[in-house]
Amino acid sequence: MASLFAECGVLACIPEDEASPEEVLRAAARLAARLGVPLGVVHVSPVRGRAEPDSVRADARARRFGAASWHLRSDAPAASLRAFARRCRAVHVVLGPAGRKTWGGEPYP
C-alpha cells in the first residue's frame, strides 16, 4: 500500500483565501526543478465555519505544475503545516507572498 505522505522536496503551501496562488506555485516549481526534487502542494483551509474548498480546481492546478496535491483542514495551520512538511520530508517550504503577516488567521514571522 502506498504511503499517504509521498516525499516532496519542495512543498508549496496555499491558504484557502489566496486569491492568486500561481506566483507561489511557479516559484516552488522553479525551485524543485533547479534542485531536481519532487514538488508537492498543500492547500490549507480552516475547519471552522467555512465551506469546502474547490478541491477539483486546486488539484488540477497542482497537476499543471507536475505536483502531488493534498488538502489540509486545520484551525492551527502553522502547527499542521509544520507536521505535514515533516511527514512528507520536505526540504523547502514555499509560503509566499512575502508581504503576508498571517496564515489562516495565525501570525507568523
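The values are calculated or read from the model by the stated rules, or taken from the named source; none is laboratory data. Fair warning: this is a prediction, and the values are worked out from it, not measured in the lab. Cβ placement follows ideal geometry from the backbone for every residue including glycine, while neighbour counts extend to all protein chains displayed.
A few comments on the model shown:
- The single condition among (1) in contact with a helix residue (DSSP H, G or I) (Cβ under 9 Å, 6 or more places away or on another chain); (2) at pLDDT 75 or above that residue 103 does not satisfy is (2).
- Scan of segment 31-57 for residues that are at pLDDT 70 or above and assigned to a loop (DSSP other than H, G, I, E, B), ordered by number: 36, 37, 38, 46, 47, 48
- The residue that is modelled with the highest pLDDT, among those in segment 68-88 that are surrounded by 15 or more Cβ atoms within 10 Å (Cβ to Cβ) and part of a loop (DSSP other than H, G, I, E, B), is 88.
- Looking only at residues of segment 58-67 that are crowded, with 16+ Cβ neighbours inside 10 Å and not small (Gly, Ala, Ser), we find that the one that is modelled with the lowest pLDDT is 59.
- Condition check for residue 28: surrounded by 14 or more Cβ atoms within 10 Å (Cβ to Cβ), in a helix (DSSP H, G or I) and modelled with pLDDT under 90: no
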